[in-house]
1. For the chain, what does -39500 (n - 2.57) per DSSP helix run (n ≥ 4), summed and divided by total residues, give at 222 nm, in deg cm²/dmol to the nearest 500?
2. State, to one decimal in nm, how far the label point of residue 149 lies from the label point of residue 93, with both points 7 Å from Cα in the Cβ direction.
3. Could you check how many percent of all C-alpha pairs in segment 98-141 are farther apart than 13 Å?
4. Order by neighbour count: 165, 151, fewest other Cβ atoms within 10 Å first, most last.
5. Which of 13, 153, 62 moves most in a GNM of the chain, Cα contacts under 10 Å?
6. Any idea what the relative contact order of the chain is, in percent, if you count C-alpha pairs under 8 Å spaced at least 6 apart?
7. What is the projected area of the convex hull of the Cα atoms of segment 1-101, averaged over all directions, in nm²?
8. Could you state the per residue volume, in Å³, of the convex hull enclosing the Cα atoms of segment 135-212?
Ligand code: GRF
């Protein structure tokens with residue numbers, strides 16, 4: 001059975017695009033059964049439509065309460081038989097009710113090496129500006145499970161990227177983004193292939209399927 005995935009994204013969706021490419025070439029054996037975006041004009045939305053993936057426009061602002069928004073999200077995820085939720089540049093905070101129902105079944109990608117340069121307000125160019133201003137020599141990519149706190153859940157995979165002397169936020173963002181494209185699918189493939197063991201905060205990625 002292929003893992004049934006939903007992708008949630010707000011922006012251009014280049015990470016989503018990279019996942020679609022890996023799926024097309026057979027490296028990533030999952031099914032994208034649902035796309036949810038909060039911005040109809042975003043590139044990610046167009047990618048979903050181009051691949052005939054059911055695409056839903058849902059914005060928290062369209063609901064009277066967080067509970068109502070959470071109920072709708074859960075309804076859609078359940079209705080589409082979603083097993084894994086993939087955040088790919090999703091700029092809205094997921095309601096706690098969704099995080100709790102989908103514990104260890106929501107993944108996120110962050111453009112720095114957590115726990116450094118993460119948390120509230122650390123998104124987009126803010127992250128890369130902060131890395132450069134701090135004088136860090138390494139930045140990178142973190143793929144992690146989502147828990148109740150921003151950028152805090154158990155880390156599945158990290159990949160380091162060098163910060164160069166001449167970097168500005170744009171050049172660093174571009175180098176990190178290409179590392180994101182090379183990394184995200186690997187974490188998702190490991191989940192899809194049953195190669196992940198979670199022990200508290202520690203996530204072990206095995207080379208073979210875990211049977212116990
Ligand atoms: C990426 O840098 C990702 O780490 C962050 O949001 C950005 C999304 O980029 N969570 P894209 O829309 O996938 O190009």
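What follows draws every value from the coordinates through simple rules; no lab data is involved. All values reported here derive from a predicted model rather than from experimental measurement. In this analysis, Cβ positions are derived from the backbone assuming ideal geometry, glycine residues included, and neighbour counts consider all displayed protein chains.
1. Result for the chain, helices only: -10500 deg cm²/dmol.
2. About 1.4 nm, to one decimal.
3. That tail contains 57 percent of the Cα-Cα pairs.
4. 165, 151
5. Among 13, 153, 62, the largest GNM mean-square fluctuation belongs to 62.
6. Working: 388 pairs, mean separation 40.0, N = 212.
That works out to 19 percent.
7. Across all orientations, segment 1-101 yields a mean hull projection of 6.1 nm².
8. Details: hull volume 8.5 nm³, N = 78.
So the per-residue hull volume is 109 Å³.
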